[in-house]
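Undergrad: Here's a structure for you.
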Amino acid sequence: MHVMAKPSGSTCNIDCKYCFFLSKEALYPDSKHRMSDATMEAYIRQLIESHRTPTITIAWQGGEPTLLGLDFFRRAVAVADQYCPSNQTLEHTFQTNGVALDDEWCMFFKEKKFLVGISIDGPQPLHDVNRVLRNGKGSFDLVMKGLDALHRAGVEYNILCTVHRANQDHGREVYRFFRDQLNATFIQFIPIIERATEQTIQIANKGWGESNRDKRVFYSQVGSLVTERSVTPAGYGSFLIDIFEEWVRHDVGRVFVQLFDISLEAHYGRHLLCIHSPTCGQGLALEHNGDLYSCDHFVEPSYLLGNIHLTHMLSLAASVQQRKFGQDKRDLLTSQCQSCTVRNFCHGGCPKDRFMQSDDREPGHNYLCEGFYAFFKHVQPTMEAMLKLLNEGSPPAMVMTQMRSLDAQRDPYSGCPCGSGKKFKFCHGARKSSTLS
Ligand code: SF4
Ligand code: SF4
């Protein structure tokens, strides 16, 4: 199992418009939303006791974990070292918006070998649409300062980029910015889907930040409407395909995009990401006070498993309630998913997004289906070519050579295979691959 600890609960030092987690503050109205040392110690000790694996991941995320201050994490690492058996190794991960990172934080991350995830939505105009400070201004400059500090200290990091209405049509531009301007080699894309009902849609469209604090509602996974910031199903698919077509010509084996990796692994029957696994339920969320929830996306009362100060987290993770939560992902698949030709790669996506009707009007179908289908169908031939290379003992990066020879045979004025409607020569067939092209 994997536990994401939220030491500052859902509280944050910035005010991203799409971050409905900010509304979860209402779950603990009288709390300061800061994890005590007693809860930190219980989390780490129980997590280590729950694992027989060679490596144990201690994960911190938010809200914004830097709000706890560096000394909290110095103590946490000391506690973890104290409890870790000599035959097991610890891996520390830390997800941050980056605005508070400085040399002191980053030297600590480097020394303790943290893997840091930093949230960036693309170049400044795209990032600043939603990722704003409390004063309403974009957070881009501060995030770049934080990223510079990570670079200076040589910290291992990956970029977490959300995909939403503002950047969904700029896949290549976003990707090239990460690759060429930020020298990123590990990138993860997360679709933004904010659900709402007829009653909540107007308030939800205004955002979840402090500026809307008095009016905002508590976010829960209900409703079949989505906010105007949410990515569209087709937009998500075309965003991924746009990036894939760039990656497969220039960056295989050099830049690692999580969804591309997991698509390849799925051909071996290995499912590394809960969203595209047959079942889920192994990724739990720990609130600042020790409350353990079924998943970070279901921090709401009906998915509360218990508190780790009262019941060991292993018992909570193995409870009937949690097992059912995970198995429902497979058991509640619509008929359309069950007979889908890309089911083995998609597995119906995340249950939180299953609020639409399937083509035959069955409820509980994934909102992103159209995008998933387009993406998995599109990448299949290339994935199979990479698989063949791997089975022959050749590096999968050789697929780029195959792609080049295929491209050489293409009519440059034919439609680009990415489906943009542009001519190949002026789309993915353009000679130069750079952010400036
Ligand atoms: S509900 Fe979604 S995000 Fe949560 S564990 Fe399941 S697939 Fe993963
Ligand atoms: S692509 Fe659509 S129909 Fe196919 S498994 Fe995924 S969600 Fe289901």
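The values are calculated or read from the model by the stated rules, or taken from the named source; none is laboratory data. Just so you know, these numbers come straight off a predicted model, no measurement behind them. As a convention, Cβ positions derive from the backbone with ideal geometry for all residues, glycine included, and neighbour counts pool all protein chains shown.
Undergrad: Inspect all residues belonging to the range 355-362 and state whether any of them is on the phi > 0 side of the Ramachandran plot and more than 25 Å from the chain's Cα centre (by Cα).
TA: Yes, the range 355-362 contains at least one residue that is on the phi > 0 side of the Ramachandran plot and more than 25 Å from the chain's Cα centre (by Cα).
Undergrad: Does Cys280 qualify as being surrounded by fewer than 21 Cβ atoms within 10 Å (Cβ to Cβ) and not aliphatic (A, V, I, L, M)?
TA: No; evaluated as a whole, the condition is false for this residue.
Undergrad: A further question follows. With respect to Gly371, determine if the residue is closer than 30 Å to Leu316 by Cβ, in contact with a helix residue (DSSP H, G or I) (Cβ under 6 Å, 6 or more places away or on another chain) and of a type in the set (Gly, Ala, Ser).
TA: Considered against the rule, which asks whether it is closer than 30 Å to Leu316 by Cβ, in contact with a helix residue (DSSP H, G or I) (Cβ under 6 Å, 6 or more places away or on another chain) and of a type in the set (Gly, Ala, Ser), Gly371 comes out as no.
Undergrad: Could you check the range 322-426 for helices (runs of 4 or more DSSP H) lying wholly inside it with 1 or more residues that are within 30 Å of Phe20 (Cβ to Cβ), at pLDDT 95 or above and more than 16 Å from ligand 1 (Cβ to nearest atom)?
TA: 335-338, 369-391
Undergrad: A further question follows. Here are Glu173, Glu104: which of them is among the charged types (D, E, K, R), part of a helix (DSSP H, G or I) and closer than 28 Å to Phe20 by Cα?
TA: Residue meeting the stated conditions: Glu173.
Undergrad: Now, a different point. Could you please find all residues in the range 119-149 being touching a helix residue (DSSP H, G or I) at 6+ places or on another chain (Cβ under 6 Å) and among the basic types (Lys, Arg)?
TA: Correct list: Arg134 only.
Undergrad: Of all residues being out of contact with any helix residue (DSSP H, G or I) (no Cβ under 6 Å at 6 or more places or on another chain) and in contact (Cβ under 8 Å) with a residue 60 or more places away in the chain in the range 287-302, which is farthest from ligand 2 (Cβ to nearest atom)? Just the residue, please. Reasoning before the result, please.
TA: Just the residues of the range 287-302 that are out of contact with any helix residue (DSSP H, G or I) (no Cβ under 6 Å at 6 or more places or on another chain), to begin with: 287-289, 291, 295-296, 298, 300-302.
Right, trim to in contact (Cβ under 8 Å) with a residue 60 or more places away in the chain and you get 287-289, 296, 298, 300-301.
On the way: Glu287: 30, His288: 34, Asn289: 36, Asp296: 21, Phe298: 19, Glu300: 23, Pro301: 28 Å.
Result: Asn289.
Undergrad: Another question, if that's okay. Among the residues of the range 289-309 satisfying the criterion of being among the hydrophobic types (A, V, I, L, M, F, W, C) and either outside any strand (DSSP E or B) or near ligand 1 (Cβ under 9 Å from one of its atoms) (or both), which is surrounded by the most Cβ atoms within 10 Å (Cβ to Cβ)?
TA: Ile308
Undergrad: Picking from Gly419, Gly371, which residue would you name as being touching a Gly at 6+ places or on another chain (Cβ under 7 Å) and surrounded by 14 or more Cβ atoms within 10 Å (Cβ to Cβ)?
TA: Working: Gly419 fails: touching a Gly at 6+ places or on another chain (Cβ under 7 Å).
Just one listed residue meets the conditions, Gly371.
Undergrad: Given the residues Thr279, Thr311, which is the only one that is at negative phi, more than 21 Å from the chain's Cα centre (by Cα) and not acidic (Asp, Glu)? Show your work before the answer.
TA: Working: Thr279 fails: more than 21 Å from the chain's Cα centre (by Cα).
The unique qualifying residue is Thr311.
Undergrad: Conditions first: (1) exposed (fewer than 15 other Cβ atoms within 10 Å of the Cβ); (2) out of contact with any helix residue (DSSP H, G or I) (no Cβ under 9 Å at 6 or more places or on another chain). Arg330 passes all but one, so which condition is the exception?
TA: All conditions pass for Arg330, except number (1).
Undergrad: From the residues in the range 8-62 that are of a type in the set (Lys, Arg) and outside any loop (DSSP other than H, G, I, E, B), which one is modelled with the lowest pLDDT?
TA: Per the criteria, the residue is Lys24.
Undergrad: Only one of (1) farther than 18 Å from Gly306 by Cα; (2) surrounded by 14 or more Cβ atoms within 10 Å (Cβ to Cβ); (3) hydroxyl-bearing (Ser, Thr, Tyr) is not met by Tyr43, so which one is it?
TA: Single failed check for Tyr43: (1).
Undergrad: Mind telling me which of the residues Leu314, Leu272 ends up being among the aliphatic types (A, V, I, L, M), without any contact (Cβ under 8 Å) to a residue 12 or more places away in the chain and either surrounded by 15 or more Cβ atoms within 10 Å (Cβ to Cβ) or not in a helix (DSSP H, G or I) (or both)?
TA: Leu272
Undergrad: Something else about it: Within the range 391-404, track down each residue that is exposed (fewer than 15 other Cβ atoms within 10 Å of the Cβ), within 22 Å of Ile243 (Cβ to Cβ) and not β-branched (Val, Ile, Thr).
TA: Pro395, Ala397, Arg404 - these are the residues of the range 391-404 that are exposed (fewer than 15 other Cβ atoms within 10 Å of the Cβ), within 22 Å of Ile243 (Cβ to Cβ) and not β-branched (Val, Ile, Thr).
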